[in-house]
1. Residue 138 versus (1) within 24 Å of residue 34 (Cα to Cα); (2) in contact (Cβ under 8 Å) with a residue 60 or more places away in the chain: which is the lone unmet condition?
2. May I ask you to list pairs of residues, at least six apart or on different chains, whose Cβ atoms are under 9 Å apart, with the first in the range 207-231 being touching a residue at least 40 places away in the same chain (Cβ under 8 Å) and the second being loosely packed, with under 15 Cβ neighbours inside 10 Å and in a strand (DSSP E or B)?
3. Tell me, which residue of the range 146-167 that is in contact with a helix residue (DSSP H, G or I) (Cβ under 7 Å, 6 or more places away or on another chain) and in contact (Cβ under 8 Å) with a residue 40 or more places away in the chain is surrounded by the fewest Cβ atoms within 10 Å (Cβ to Cβ)?
4. Would you call residue 170 more than 23 Å from residue 106 (Cβ to Cβ) and either out of contact with any Cys (no Cβ under 9 Å at 6 or more places or on another chain) or not in a loop (DSSP other than H, G, I, E, B) (or both)?
5. Being out of contact with any Cys (no Cβ under 6 Å at 6 or more places or on another chain), surrounded by 14 or more Cβ atoms within 10 Å (Cβ to Cβ) and of a type in the set (Lys, Arg) is the filter here, so list the residues in the range 27-60 that pass it.
6. Keeping to the range 205-222, report how many residues are within 22 Å of residue 17 (Cα to Cα) and part of a loop (DSSP other than H, G, I, E, B).
7. Can you list the strands (runs of 3 or more DSSP E) found entirely within the range 65-129 that contain at least 2 residues being in contact with a Ser or Thr (Cβ under 7 Å, 6 or more places away or on another chain) and farther than 16 Å from residue 23 by Cα?
8. Among the residues of the range 137-153, are any in a strand (DSSP E or B) and not basic (Lys, Arg)?
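No lab work stands behind these numbers, since they all come straight from the coordinates. Here the structure is a predicted model, which means the values were calculated and not measured. Glycine also receives a Cβ, built like all others from the backbone with ideal geometry; neighbour counts cover every protein chain displayed.
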Amino acid sequence: MPGKMPELLVTGDVTITIKVFELTSTGAPKLNSLMAYTQHNITNKLRGETMEYNRYLSNYDTKANKFNINTMATYNVRYRINYIVKLKKINRLSQLSGNDFVLAVVDRIGFKTDNLTTSGLTLRQGGPATVVYNDWCKYPNISMHEFFHTLGLEHIKGASSRKSLMAEVAGINNNMISLSELSIMNAYLMRGLVDMSDGAYANPTLNTAENLRKFLNNPTNGFKYNKANFR
């Protein structure tokens, strides 16, 4: 059980922008509706209060109403964040900044998981994430599944995965996120809490554009996409 210690309440609006890079060979006529669906549902999934226990942070000065970076303290952190999710379509690599979340929409992914065809693939926390356009049309929750990998969630296997959004083999009815999964995502999104408290926050070392370039060109992943659009 977590020990008693000072509690820090974190509230406010946080905007998450996900840039959708359309890289299909034949076009994506349903892309706008898929983006609208995804934007709405990611917003809903990120709602809810969570706790992070025993977080070591700069000491929060209640009189100055800011963190004091010269001293440290351990807190239980309660998050009541209003996430504002925006999906934005892009058509050039130059429209990606260093720390952007990106969802690349491709024709095919050759990589297989347990010998099963893959409809989406994400590199790691922070992304980049990819989805196969035709599969996204059939299974609209794929984009959320992949984006939540970028926020630190892993696959769920076995009986407990039946309705989970993060099931390794997910269908149209897999759409549930647990409170513990929400806590993991909050912890990732709020990892720069001290810096974020000063206003706009960016992590320029992520280098999303270069990571996406390497990810798409890795032959192990077997991506098929419109390389003429990747510029």
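1. The failed condition is (2).
2. 222/112
3. Checked the range 146-167; the qualifying residue surrounded by the fewest Cβ atoms within 10 Å (Cβ to Cβ) is 165.
4. No, not satisfied.
5. Result: 45, 55.
6. The number of residues fulfilling the criteria is 1.
7. Once the strands (runs of 3 or more DSSP E) in the range 65-129 are filtered for at least 2 residues that are in contact with a Ser or Thr (Cβ under 7 Å, 6 or more places away or on another chain) and farther than 16 Å from residue 23 by Cα, what remains is 66-90.
8. There is no residue in the range 137-153 that is in a strand (DSSP E or B) and not basic (Lys, Arg).
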